[in-house]
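**Q** Dumping the structure here so I can ask a few things about it.
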Amino acid sequence: MTQTELEPTTTAPAPPAEWQSTACILCSINCGVEVKTEGRRITRVRGDKAHPASTGYTCEKALRLDHYQNARDRLTTPMRRRADGSYEPVDWDTAVTEVAAGLAKVRDEHGGASIFYYGGGGQGNHLGGGYGRSLRAAVGSVYSSNALAQEKTGEFWVDGQLFGRPRCHTTPDMEHAEVAVFLGKNPWQSHGFPRARVILKEIAKDPERALIVIDPRRSETADLADFHLQVRPGTDAWCLGALLKIVIEENLVDAAYLAEHANGLDELTAALNIVDVAQWCAIAGIDEDLVRAVAHRISAAQSVSIFEDLGIQQAVHSTLNSYLEKLLYIVTGNFGIKGGMNIHSRFASLGGGGKGGGDRRTPVGGHRIITGLVPGAAIPEEILTDHPDRFRAMIVESGNPVHSMPDSQRMRDAMAALEFSLVIDVAMTETARCASYVLPAASQFEKWEATFFTLEFPENVFQLRRPIFEPLEGTLPEPEIHKRLVRALGGYTDDDLAPLHAAAALGRDEYATAFLNAIVEQPHLGAHLALVLYETLGPVLGEGNEGAAAVWGLAQTCFLAFPESVARAGFADGNALFDAIFAGPSAVTFSVDEYGITWDRMDTPDGKVNLVIRELLDEFAELPAGGPDADDLFPFVLSAGERRSSTANTILRDPTWMKSDHAGALRMSPGDAAQIGVTDGDGVVVETKRGRAETVVEITDTLRDGHVSLPNGRGLSYPDDDGVDRAHGIAPNELTADDDRDWLALTPHHKTVRARVEALA
Ligand SMILES: Nc1nc2c(c(=O)[nH]1)N[C@H]1C(S)=C(S)[C@@H](COP(=O)(O)OP(=O)(O)OC[C@H]3O[C@@H](n4cnc5c(=O)[nH]c(N)nc54)[C@H](O)[C@@H]3O)O[C@H]1N2
Ligand SMILES: Nc1nc2c(c(=O)[nH]1)N[C@H]1C(S)=C(S)[C@@H](COP(=O)(O)OP(=O)(O)OC[C@H]3O[C@@H](n4cnc5c(=O)[nH]c(N)nc54)[C@H](O)[C@@H]3O)O[C@H]1N2
Ligand code: SF4
Ligand SMILES: [Mo]
């Protein structure tokens, strides 16, 4: 590689066109979009046809992106908390000095392990968290978490047991599946795979294919389904147990496949002896004939893909449900085949940095740390204690745990008990309002950004987005924030970087060699790779492009991890991959897999699936014989946090973005509404063991009697026209408790919260 090839003129993106390429940041699919701007506003948004995964597709929410970019509550200066709890603006130099001193004090007095790191990215931004690793290292922080540890860690743990490593993460191949099953997942609203609505409609209208939905609610997806198992909420373990029993009992398993690829079928078969299909279907509230028909349809299919999501992961028996779901596709021979479930490549890791499946434990509660992530529901108890190893400081970056973790009241108490806390965000969030200092980040359209939601198979795509606007005055992109903090903490010096600056001026081969040497010769730099790239490779990428530098390092590791798949996508090495990604402007297909690769990615000793997970078979054997207990005090089951077309986590804080459902109505069946004496739009009180809230009711025949639901992401404070903060809707976690959680992964039971609902007097 010569110097000229490193010049910005050859590798930097073309100047802004009338329509600029970027991505939607409102869900994990990150559809490619093109936007038109006027001044600092995003005025028009359309699907980007050049994006290899979304190919022009968007849902209605992408049109609302300006509500994020130009929200009234965006931060424009660092904020410091006063003794009375209010905040005062401070300049960046003061903030950096004081934050570094605050963190150093906790580190020096109690050790870096007492500084807990949370977040690192939301639905559209994971680059900042990459640079944040350096800050973690500089303060010696070893415990971290993010939102995955309140939804997906149970599933990761099961993957680890079945396939050998928690990073053996599987993904559906909906495009090629003959039968698509959605278990506690409503992709019509929540997406989760590219072009979801198009694919759902394709499957629904094709008589050769089938759509199966397991959901207590007749969701928009269930409305399209060939089979809808409308389970009672919280009874999936019984439903899945019955399905598995039928498959085994009626010999619908793929015996030849299992003999070749799995161990433990006899033990699994024996464990299913307890299942009385008729009785278990009755517990789940579903018609036995329909369950049998579903078992037969799955078994008869050439290929089945199953998508499990929050409806089971955030419900009782969360981890067990994930296990039973995976058994269903494995025993029917749908793992490692076209149209089935496969282990995908990834551009970079989403986890907390650890590889473990629970061998590490949290310092106070002794809870499993799965894929490096402390369970979200354990955070308060790791702080609110006099245990010597408790967390005493917290760094929160692009996360809103006071709103999103179970039991907001406990999270606020926990933050108040900390000696020091820092929030890095674009807005004055519920969590920011609890922090010692708040640092304002440039928005995702004001800096280089990317997500690591690279979960597709057989073709996987990655998009590096370039800035559309200059950073809002007073804000900084995360790499610059972390650089200033790490430098103030003495993480590395100018002298450390001198050889790399020199090598960068010579060319990329020279740089790569110098980079490897630097890590060997100066081991402390190994903790700061992203920032070192930002500071030394960044300037060579051209002014304003420094934030993209960490991606060069990730492209190298991606190539090393998946050389054949990346080569099949047309890239001879990590540099070639980086060049294509950097040139953009749209996403790049970075890996192309062959179906058999799933077996190579397994990490069990003999390469076979291990069907027996002792801990979960024990839980299965002890399922209450009569089904979940009733609770007379709290007769309703509340889904606290449903995805609707009016929800987008807490990314859009300005309530005017919503077209409807401004109040965030409680949905309820006509039977229940009659019972408590309310009609559509009436006020209701929702009460749980943890809290009480008021809203209006929306009566709908899509819900079963006894099941009510509230939207996610509501209850945010936002300044109204007069600048006065007002809360909009119910914040679901004011109603949830941090001890309602899975015993193994600690995933919260948000979908099965016991509640009482009454008409508002
Ligand atoms: N519009 C929109 N889309 C989003 C998001 C958003 O905020 N808004 N958030 C994104 C994020 S972070 C995530 S993780 C995904 C989540 O995506 P989903 O998991 O699809 O979202 P939910 O609506 O929370 O739950 C899915 C379904 O679970 C059902 N359910 C409730 N209780 C049970 C039960 O006991 N058993 C079963 N089988 N099902 C049950 C609900 O009725 C619901 O239809 O969505 C992503 N996409
Ligand atoms: N009861 C209940 N609770 C739930 C759920 C539920 O269904 N029910 N869903 C859960 C799920 S699945 C998830 S994923 C979580 C999501 O909850 P969180 O992970 O807490 O995050 P988000 O609401 O996605 O918001 C991320 C934060 O990033 C900030 N942000 C946006 N852009 C930037 C940026 O460029 N830089 C920085 N530094 N910050 C930025 C936003 O302002 C916001 O504060 O909520 C969970 N909580
Ligand atoms: S599917 Fe997700 S990423 Fe795509 S436009 Fe809708 S909210 Fe945005
Ligand atoms: Mo999520």
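The values are calculated or read from the model by the stated rules, or taken from the named source; none is laboratory data. Model, not experiment: these values are computed from the prediction. For neighbour counting, all protein chains shown are included, and Cβ atoms are generated from backbone atoms with ideal geometry for every residue, glycine included. SASA here: full protein model, heavy atoms, side chains in, ligands and nucleic acids out. Shrake-Rupley method; radii C 1.70, N 1.55, O 1.52, S 1.80 Å.
**Q** With θ set to phi - 60° and the Karplus curve 6.51 cos²θ - 1.76 cosθ + 1.60, what are the ³J(HN,Hα) couplings of the stretch 28-43 in order, to the nearest whole Hz, using x for Gly and Pro?
**A** 5, 7, 6, 3, x, 10, 10, 10, 10, 10, 9, x, 9, 9, 8, 9
**Q** For a test of the definition: using alpha carbon positions, the gyration tensor, and the 1.5 limit on a/c, classify the stretch 722-761 as rounded, prolate or oblate.
**A** Working: a/c = 4.63, a/b = 1.64, b/c = 2.83.
Oblate shape, in that a/c is at least 1.5 and b/c is the bigger or equal ratio.
**Q** For Phe116, enumerate residues with amide H under 5 Å from its amide H, sequence gap 5+ or separate chain, H modeled in the peptide plane.
**A** Arg392, Ala393, Met394, Ile395
**Q** Scan around Ile424 for amide H atoms under 5 Å from its own, H built in the peptide plane at 1.01 Å from N, and keep only partners 5 or more places away or cross-chain.
**A** Excluding prolines and chain starts, which carry no amide H, the hits are Val396, Glu397, Ser398, Leu439.
**Q** Kindly report the accessible area of the chain per residue (heavy atoms of protein chains, probe 1.4 Å, no ligands, DNA or RNA), in Å². It would help to have the intermediate numbers written out before the result.
**A** Numbers: 27000 Å² over 761 residues.
It amounts to 35 Å² per residue over the chain.
**Q** Okay, next question. Straight-line reach from Lys659: which lysines have a Cα under 22 Å away, not including same-chain ones fewer than 8 places off?
**A** The qualifying lysines are Lys36, Lys61.
**Q** Around Ala621, what is the net charge, scoring Lys/Arg as +1 and Asp/Glu as -1 over all other residues with Cβ under 15 Å from its Cβ? Walk me through the numbers before you get to the answer.
**A** Working: positive: Lys245, Arg614; negative: Glu267, Asp276, Glu615, Asp618, Glu619, Glu622.
Summing Lys/Arg as +1 and Asp/Glu as -1 gives -4.
**Q** When ranked by the protection proxy of mean other Cβ atoms within 10 Å per residue, highest first, what sequence do the peptides 86-95, 331-340, 522-531 form? Before the final figure, lay out each step's value.
**A** Numbers: 86-95: 14.4, 331-340: 23.9, 522-531: 19.2.
Per-residue mean Cβ counts within 10 Å order the peptides as 331-340, 522-531, 86-95.
**Q** Now for a separate question. Please say if the stretch 516-668 is rounded, prolate or oblate, where rounded means a/c under 1.5 for a ≥ b ≥ c the square roots of the C-alpha gyration tensor eigenvalues, and otherwise the choice is prolate for a/b larger than b/c and oblate otherwise? Walk me through the numbers before you get to the answer.
**A** Working: a/c = 2.41, a/b = 1.46, b/c = 1.64.
In terms of gyration-tensor shape, oblate.
**Q** For Lys689, which lysines qualify as cross-link partners when the Cα separation must be under 26 Å and same-chain residues fewer than eight apart are set aside?
**A** Answer for Lys689, where 26 Å is the Cα cut-off: Lys152, Lys751, listed by chain and number.
**Q** For Lys105, go through the aspartates and glutamates and keep the ones whose alpha-carbon is under 14 Å away, minus same-chain ones fewer than eight residues off.
**A** Glu419
**Q** Per DSSP H run of n ≥ 4, the term is -39500 (n - 2.57); total these for the chain, divide by its residue number, and report the mean residue ellipticity at 222 nm rounded to 500 deg cm²/dmol.
**A** Working: 29 runs with 255 residues, N = 761.
That comes out to -9500 deg cm²/dmol.
**Q** Moving to a separate point now. Using Stokes-Einstein with the Kirkwood hydrodynamic radius over Cα pairs, what translational diffusion coefficient do you get for the chain at 10 °C and a viscosity of 1.306 mPa s, in µm²/s rounded to a whole number?
**A** Numbers: Rh = 26.7 Å.
This corresponds to a translational diffusion coefficient of 59 µm²/s.
**Q** Hey, what do the phi angles of the stretch 658-668 turn into as Karplus ³J(HN,Hα) couplings, whole Hz, using 6.51/-1.76/1.60 and θ = phi - 60°, x for Gly and Pro?
**A** 6, 7, 8, 6, 4, 7, x, 5, 7, 8, 7
**Q** Can you run phi through the Karplus equation (6.51, -1.76, 1.60; θ = phi - 60°) for the stretch 745-761 and list ³J(HN,Hα) in whole Hz, with x for Gly and Pro?
**A** My calculation for the stretch 745-761 gives 9, 6, 5, x, 8, 5, 8, 10, 7, 6, 9, 10, 10, 9, 5, 6, 4 Hz in order.
**Q** Using alpha carbons only, how many degrees (0 to 90, rounded to 10) separate the axis of helix 408-417 from the longest principal axis of the chain?
**A** 40
**Q** What does the C-alpha gyration tensor say about the overall shape of the stretch 636-759? Classify as rounded when a/c is under 1.5, otherwise prolate if a/b is larger than b/c, or oblate. Intermediate values should be presented prior to the final figure.
**A** Working: a/c = 1.77, a/b = 1.15, b/c = 1.54.
Cα axes put the stretch 636-759 in the oblate bin.
**Q** Rounded to the nearest 10 Å², what accessible area does Arg232 have for a 1.4 Å probe in the complete protein model?
**A** Its heavy atoms expose roughly 90 Å² to the probe.
**Q** Moving on to the next point. Just how large is the dipole of the stretch 598-733 about the Cα centre, in debye to the nearest 20, putting +1 at every Lys and Arg Cβ and -1 at every Asp and Glu Cβ? Mind showing how you got there, number by number?
**A** Numbers: 14 positive and 25 negative charges, 63 e Å.
With only Lys, Arg, Asp and Glu charged at Cβ, the dipole is about 300 debye.
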